[in-house]
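Take a look at the structure below.
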Amino acid sequence: MNVLWLLALILLSLMYWVGGKQGVKSFFTIFFNFSIIIVAIIFMADPARNPVILALLACVTIGYVNLFFLNGNNVKTKAAFLSSMLTIAVLMIGIYFITELTHIQGFGEEEGEEIAALSVMIGIDFVQLMASVIILSTIGAIIDNAISIASPMNEIHRYHPNLKRKELFRRGMAIGKDILGTSANTIFFAFFGSFLALLVWFKDLSYSFGDVVNARVLSAELITVLFAGAGVAIIIPVTAWVTAFVLEKGWFRGKEGEG
Amino acid sequence: MNKVMMQLKTMKKQNYIFYTTVLFIVIASIVFVHHNHGLYDKPIGVVTEVNLINEEPTTDRAGNEDTRGQQELYLKLQNGNQKGEQVTVIDEFTGSKATGDRYRTGDQLFLSINGEEARVEGVKRDYYLVYVAWFFIFALLLVGKKQGLMALLSLAINSLILSFALDAFIQTSNVSLLFVSLICIVLFTVISLLMVNGRSIKTYAAIFATLSGMLALLAITSILLYVTGGTGLRFEEMQFLTRHPEVIFLAGVLIGALGAVMDVAITITSSLYNLFEKNNKITLEQLNSSGKAIGKDIMGTMTNILFFVYISGSIPIIIIYIKNAVPLSFALSHTISLDIARALAGGIGIVVTIPIAIYIINYLISRKQVRS
């Protein structure tokens, strides 16, 4: 049997064992996300459409599904959604700018012979595609941090409804600081794992330090991981501020019972 | 009172010294990367003028429209014995920028110069990397203060360990990469958890849970790879490698999942231990159900983080396949089988760690309860 199906089956059983019905829901969210990415890819394959806009739309959909489908429609998920989208929009500007300047898009020798048989003259702007890749790599971690801060802030507000916005913000920042280290770690190891093969290859070819640092693939990976790391940090004050603001103003309180 | 004032003053002074040092390092590093051309053997030229020679529309076999053209670049050499001289390069580009890009004035390019003939070999990107690195470092420091600094230090130490480990692996070919990465994983776990979370019983429990979880993940994935012989995984994606792609893949799976597994382990051990500290008489059943509730909440999002990191990188290559009229299912199985396997295996590591972490912290707490 195919390894992928077996892995998926094991993951599904484990998630069901630990989380019951919610575990099954978590499992299918992964496939939901996969479908969103595939749909985005199909849309991006049309040169008439702008990949960056499509990536941002994909981020909105992913945020919507992951926050509202998994955690319900309430004050904390709305605050987390708003914060994630704000952060993504701001990051995207920097990412696009740097991708354009560094020429990190496109393909190189590490892609193997397979790419040589294919035409890359497909009329799609690869700078925009690369910027989309970077933002989509980051979205999961950004949403995770946003909900991890908004959710306990909402609890604090529930037990201490008289707390001022400034104090709520301070509490949110304290929660954020506690999770910053581990979430930066999660992102970094994930990238270490995915470019381990590349590093072995560079070492095998005895590339010099200068060659490695300036190589297109490695710069692309490093720029992605650094933006992702900055993203998980920037989402913290943004979420703390937005959630404090929203809670104090009493916005999004349509269904208080679920909060 | 005086003592407090003194402390405040010295703290301010320390801060002042700290910020001045950081500012100095930032400026020094930026000056350095803008003037390090002499350290490179390859000639480097700064583009001073770009002239478009021609640009023509193209259509490939699958009917995709693009453009191809030539640009004339004037460059001023920055290093070597021809430093300061002007070079002219005729360079090709494509409209989609997938293979050849159009350059702008100010771009710094590596060249190969053979008599009168010069060619573009690559782009000098080190100074941009330094800018982005500082952006990242300041984001972590400004938001996380001390915690941010500790996270940065542990990342730096872990990168150094990985680099040394890879050197050891390359130089002594009889040491298996898997063995090297297992040692690395133990080091990474101990260093990251201790540095980010400090020394406490929660951290020790998390270290133990992480290592057990990783062991379980290693067992599950290697048994699967052995039983199936790796059907469905296209190791050809890593065909640029000269040595066993299976082993490198497995090592990558383990290292890639490690951060998420540590995250899950510390989240569970520290929240359960906090519950115990608030209420010393809490029962094991209560701890168990709280642990499961927390685990349930985080396992989905944690797996999603890995999923997005792994899948996104393959978007451009999948689009290339689609635009070459390759069916989507074929394109996917040829480009992201390894990435999907990595994400699923990472998810298994995350979920498996939840009951392990609960069990370990329960064991520690029940021993404490018996003693008191």
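Values computed for the structure shown
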{"item": "Viscosity 1.567 mPa s, temperature 4 °C, Stokes-Einstein D of chain A from Kirkwood C-alpha radius, µm²/s", "result": "64"}
{"item": "Residue among A:Ile134, A:Ile95, A:Ile41 with the largest mean-square fluctuation in a Gaussian network model of chain A, springs linking Cα atoms under 10 Å", "result": "A:Ile41"}
{"item": "Difference of contour (0.36 nm per residue) and Cα-Cα distance, A:Leu205 to A:His160", "result": "10.1 nm"}
{"item": "Radius of gyration and maximum dimension Dmax of the stretch B:176-371, Cα, Å", "result": "19.3, 70"}
{"item": "0 to 90° range, to nearest 10: angle between helix B:245-278 axis and chain B longest Cα axis", "result": "40"}
{"item": "Cubic angstrom per residue, convex hull over Cα atoms of the stretch A:170-256", "result": "128"}
{"item": "Positive-end residue of B:Phe110, B:Val352, B:Ala98, charge dipole of chain B with Cβ unit charges", "result": "B:Val352"}
{"item": "Under 19 Å from the Cα of B:Lys76 - lysines, other chains or at least 8 residues apart", "result": "B:Lys42, B:Lys124"}
{"item": "Residues B:Lys145, A:Lys78, sorted so that the one with the fewest Cβ neighbours within 10 Å comes first", "result": "B:Lys145, A:Lys78"}
{"item": "Dipole of the stretch B:223-372, positive direction: furthest Cα of B:Gly313, B:Gln369, B:Ser337, with charges on the beta-carbon", "result": "B:Gln369"}
{"item": "Whole-Å distance, taken between Cα centres, linking the stretch B:247-278 and the stretch A:42-96", "result": "27"}
{"item": "Length-normalised contact order of chain A in % [C-alpha pairs under 8 Å, at least 6 apart]", "result": "28"}
{"item": "Fluctuation leader among B:Ala265, B:Ala219, B:Ala206 - chain B, Gaussian network, Cα springs under 10 angstrom", "result": "B:Ala219"}
{"item": "Charge dipole magnitude, Cβ of K and R +1, D and E -1 - the stretch A:155-259, Cα centre, debye nearest 20", "result": "560"}
{"item": "Kirkwood Rh and Cα Rg combined as Rg over Rh, evaluated for the protein assembly as shown", "result": "0.98"}
{"item": "Charged-residue dipole, Cβ positions (Lys, Arg, Asp, Glu), chain A about Cα centre, Debye nearest 20", "result": "1620"}
{"item": "Choice from B:Pro245, B:Pro327, B:Pro355 with maximal GNM fluctuation in chain B (Cα, 10 Å cutoff)", "result": "B:Pro327"}
{"item": "Sites B:Lys278 and B:Leu142, calculated FRET efficiency, Cβ-Cβ separation with R0 51 Å, nearest 0.05", "result": "0.95"}
{"item": "Most positive-pole-ward Cα, A:Phe107, A:Leu12, A:Ser119, against dipole of chain A from beta carbon charges", "result": "A:Leu12"}
{"item": "Pairwise FRET efficiency - A:Ile38 versus A:Ala116, Cβ, R0 = 25 Å, nearest 0.05", "result": "0.50"}
{"item": "Alpha-carbon radius of gyration plus Dmax, which is the widest Cα pair, for chain B in Å", "result": "26.9, 85"}
{"item": "Check: the stretch B:21-89 dipole with +1 on Lys, Arg Cβ and -1 on Asp, Glu Cβ, in debye", "result": "420"}
{"item": "Between 0 and 90°, nearest 10: helix B:201-228 axis offset from chain B longest Cα axis", "result": "60"}
{"item": "Distance violations [Cα-Cα > 22 Å] among A:Lys25/B:Lys296; A:Lys249/B:Lys146; A:Lys76/A:Lys249; A:Lys177/B:Lys202; A:Lys25/B:Lys323", "result": "A:Lys249/B:Lys146; A:Lys25/B:Lys323"}
{"item": "Debye log10 I(q)/I(0) at q = 0.28 Å⁻¹ for the stretch A:110-164, Cα point scatterers", "result": "-1.06"}
{"item": "Cα-based helix-to-principal-axis angle, B:337-371 vs chain B, degrees rounded to 10", "result": "30"}
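None of the figures in this text is laboratory data; all of them are computed from the coordinates on show. Just so it is clear, the model here is predicted, and its values are computed rather than measured. Every residue, glycine among them, receives a Cβ derived from its backbone with ideal geometry; neighbour counts consider all protein chains shown.
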